[in-house]
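One structure coming up, written as structure tokens, with questions to follow.
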Amino acid sequence: MATVQQLHQAPMPARPISITSAPAANIDMDVDVHSSRSSISPARNEGKASGGLQRGDTRTAVIIYGPGQEKIVSVFADVLGKPYRIADSFQGVASGEQDVVLGVSLENAKVDISTRNRTALVAIHAHCVDLGMPPDIHLSAHCDYEFLYTESPFFRRDLARFLSMTLGQINHHETLMLKPRTYFLSMTFPDVRAALSNIDILTVGADAIEIRVDLLKEPLSDGTFAQVPSLSYVGEQVMILRQSTELPIIFTTRCTRENGQFPMDNPDLYYEYLYRAIQWGIEYIDVEVWLPERIRQTLWEQRGNSHIMSAFHDFSGTFKWPSLQAQTIFLESRKYAHIVKMIAIINDHNENFELEYFRSKIRSEYPDSPPLSAVNMGETGQFSRTLNKVFTPITHPLLPTIAAPGQMSAAEINAALSLLGQLQKKSIYGITSPFSRIATPYAPFYEKCFNELGLPHQFAVVERQPKGIGCIETWCNQKSFGGAYLSPPVSFSSLMHNSSFFARLSNGSGPSLTEAARMIGMVDTIVVRPGTTSSPESAPSSIPSSPKRHSDSPFQPLNGHDYSLPPSASLIFDNASWRGILSTLTRDLAPSAYMGRTAIVLASHADDAASTIYALKALRIGKLYTVGFKTPLVLARGLEVEPFNSLESLQRARMVGDNASPFVIVSALGPEKANLVGMLVRVFGGSRGSSSSIRKVFLDLADGHSGHNRKGDPGIVAEQSGFAAYGVADTAAFTTVETLRLLVSQNVPYSFVRLASGRGMF
């Protein structure tokens, strides 16, 4: 019998308060996160795991706009899924207007922004850099947050990400700390524009990207460069970087003593830049531990929803990990930090083992402390970079310089882990079906990813038989099996039906089942969790493309070799598709835009709709209308569901007390039913719905490359009817990102998936 996979979250500091110290409501949404950490164990109950989505700051959002920029208020409202109105001043804002986005002109806002009701209002200064820099100094000093943007091009997803983060609706840190390893790319360009042409490749393997503010070179009119880049220049650089990558950003002002270029004579200058980074909605703020405690404490108290990395670097060559000094620095660092980073240069290889003893001691003596990221610098210290598991700094061959001596790329670290026997060669499969309707990644794409990441694994696309799952068992029952994705997904009941192999896993407990896979009932990813007692095994020289049909049992050795899965290993059944759908729906909208809304899902079978319904439940949709299937009870629980079975029910959907009802329509019907989908979209369409500021969402999960005539493409019909339309290419790419994270614990950005996979993949 399968067990439900649950997460043990690492102890975390108290939730960040808002910049103004105003209370903010935070309600966990029903989202499941899966991690392959060895600390995961089967659950005793069926509780839910939090996936970092929250209701967030519920104060009324007031957008301060510049001359001729009133339209930006409607865009903010659109992203938040709310109507808007223009107010004369902060004093003119009535209480209880949380369901409306308000706009106040720059000149009017300057009058009373400093005396606003901070417990009820969150002030966001939206400044168009096309109007010149810097933004109004008075408003920058008194607003809660500041959003910098360009009119052309304008990146809506940049605004959605900014609002989701600053209003506390998405917690990247919580998700990242569940990964077995995390890396961040240290950018060393004097101008981030130089990185944009290669940003998709540079960020493969990175979980975050660091902007080294101290290394930025701001050109002056006399042909020289500013000793310290101005806040205006830094703000534009941050804006450009955020428009170009979906990765969380680390904002660093490294001092001269610690191999940086930021002067140390005025600590208050650090506060000025780091606090502004908080206002810009930067995910991680690097705060050096040498700064006065008053500054570090103030930044901690004002951090909003940013996370603090306390940083210490020693280049003297005399620092010793077993010393009292090292422990004292850690204890001081952890006072105001979500992550403690300690880095030192060493002279002897044995000092790498001293660091590991220090790391183990800290973990044992201070189990509730923030995660420790600690490495040694220089060529001698490179070994420690293979052992560190929390935000290891990485470089890339395409960067102009390395940020610190001995820094390695993600590919180099993975190659080193492979040589050390810590990253064994595995066989990973894409298991497809001849009836698969949705295009999926093919072998060259995965091989390209593995090559870019320096992974030793092999990948093959194999086709399962139309009936029976014996072939899936055979591929899973190998010593070298490293995981697989299933396209189309297979129901959990089908996988377990008459399967002696899956049933006897984990001493008869069967495979572990994540909460998402259990609720959805469909499995599209099989993850291997190696046992702690298993000895390293060498992978075969090639991957079998199909099971041996002449074998009496699918579990007998193949080609004379023992291919059975090690007894101590376990399998985890998961579902990545729902996260692909969730990421698509929230790419241009904040999660709160869906809360309490009405949705319509069309599908010919409940299995095709299950992932969509699970994603919509995570977004706290208020009511669901279904077309073509019956919602399983496990998914319907806690959700108001009504099937479209008459004209009366259709009419009720149009008259729901929601001025954008239905807010989202998702079709999982095949392309042969495009006309039916298009007709329903027209019924609920209209230019931006019945509201002047709320735009509806349409997601079409039909494969556009199946050969069917797409003359009545529902996506085109939806756009013409006022919907924001998305297609299967978006969800397939986001699902691939999640699948790679589950299978190989590596981050491959959405942009790289779209770039490297080619048009034919989707």
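If you filter segment 258-321 for chymotrypsin sites (Phe, Trp or Tyr not before Pro), then keep DSSP loop positions with at most 10 other Cβ within 10 Å, what is left?
On the way: sites: Tyr270, Tyr271, Tyr273, Tyr275, Trp280, Tyr284, Trp290, Trp300, Phe312, Phe315, Phe319; in loops: Trp280, Trp290, Phe315, Phe319.
Sparse-neighbourhood loop chymotrypsin sites (Phe, Trp or Tyr not before Pro): none present.
Just tell me which aspartates and glutamates come within less than 12 Å, Cα to Cα, of Lys425; anything on the same chain fewer than 8 places away is out.
Reachable aspartates and glutamates: Glu537.
Before anything else, pin down the relative contact order of segment 387-505: Cα pairs under 8 Å, at least 6 apart, normalised by residue count, whole percent.
Details: 136 pairs, mean separation 32.1, N = 119.
Normalised by residue count, the contact order of segment 387-505 is 27 percent.
Could you go through segment 163-168 in sequence order and give the Karplus-derived ³J(HN,Hα) for each residue, using 6.51 cos²θ - 1.76 cosθ + 1.60 with θ = phi - 60°, rounded to whole Hz, and x for Gly and Pro?
Along segment 163-168, the couplings run 5, 4, 7, 5, 8, x Hz.
How much length is gained if the chain between Lys217 and Lys335 is pulled fully straight, taking 0.36 nm per residue apart and subtracting their Cα-Cα distance, in nm to one decimal?
Working: separation 118, 0.36 × 118 = 42.48 nm, distance 3.30 nm.
Using 0.36 nm per residue and subtracting the Cα-Cα distance, I get 39.2 nm.
Search the structure for amide H atoms under 5 Å from the amide H of His307, placed 1.01 Å from N in the peptide plane, and list their residues when 5 or more places away or on another chain.
Counting only residues 5 or more places away or on other chains, the set is Tyr284, Ile285.
Are any of the pairs Lys467/Lys630; Lys341/Lys361; Lys623/Lys696; Lys341/Lys389; Lys361/Lys389 more than 19 Å apart by Cα-Cα distance, and if so, which? Mind dumping the intermediate values first?
Numbers: Lys467/Lys630 24 Å; Lys341/Lys361 16 Å; Lys623/Lys696 15 Å; Lys341/Lys389 12 Å; Lys361/Lys389 16 Å.
Where the Cα-Cα span goes over 19 Å, the pairs concerned are Lys467/Lys630.
Would you mind calculating the gained length between Ser364 and Gln297 on full extension (0.36 nm times residue separation, minus the Cα-Cα distance), in nm to one decimal? Could you put the intermediate results ahead of the total?
Values: separation 67, 0.36 × 67 = 24.12 nm, distance 2.61 nm.
Extra length from Ser364 to Gln297 when fully extended: 21.5 nm.
Can you tell me the length gained on complete extension of the stretch Asn259 to Asn451, counting 0.36 nm per residue apart and subtracting the Cα distance?
Working: separation 192, 0.36 × 192 = 69.12 nm, distance 3.19 nm.
Gain in length upon complete extension: 65.9 nm.
Averaging the inverse of every distinct alpha carbon separation and then flipping it gives the Kirkwood radius. What is it for segment 255-403, in angstrom units? Present the calculation step by step, with values, prior to reporting the outcome.
Working: mean 1/r = 0.0620 Å⁻¹.
After inverting the mean inverse Cα-Cα distance, the result is 16.1 Å.
For Glu107 paired with Glu672, estimate the spin-label separation in nm (one decimal), with each label point 7 Å from Cα along the Cα-to-Cβ line.
6.4
Using a Förster distance of 25 Å, how high is the FRET efficiency between Asn645 and Met679, based on the Cβ-Cβ distance and rounded to 0.05?
Numbers: r = 17 Å, r/R0 = 0.67.
With R0 = 25 Å, the Cβ-Cβ based efficiency is 0.90.
Quantify, in whole percent, the carbon and sulfur part of the accessible surface of segment 72-203 (1.4 Å probe; protein heavy atoms only). Intermediate results must be reported in sequence, preceding the final value.
Values: 2420 of 4610 Å².
About 52 percent, which is the carbon plus sulfur part of the accessible surface.
What FRET efficiency, computed as 1/(1 + (r/R0)^6) with R0 = 60 Å and r the Cβ-Cβ distance, is obtained for Thr318 and Ser491, rounded to the nearest 0.05?
Values: r = 62 Å, r/R0 = 1.03.
Efficiency for this residue pair is about 0.45.
Each label point is 7 Å from the Cα along the Cα-to-Cβ direction; what then is the distance between the points at Arg637 and Ser604, in nm?
With each label point 7 Å from Cα toward Cβ, the separation is 3.1 nm.
If you don't mind, there's one more thing I want to ask. Evaluate the distance, in nm, between pseudo-label points positioned 7 Å from the Cα of Arg118 and of Glu246 along their respective Cα→Cβ axes.
Placing both labels 7 Å along Cα→Cβ, they lie 3.5 nm apart.
The values are calculated or read from the model by the stated rules, or taken from the named source; none is laboratory data. What you are looking at is a predicted structure, and each value in this text was computed from that prediction instead of being measured. Cβ: placed from backbone, ideal geometry, glycine included. Neighbour counts: every protein chain shown. Accessible surface areas use protein heavy atoms only, side chains included; no ligands, DNA or RNA. Shrake-Rupley method; radii C 1.70, N 1.55, O 1.52, S 1.80 Å.
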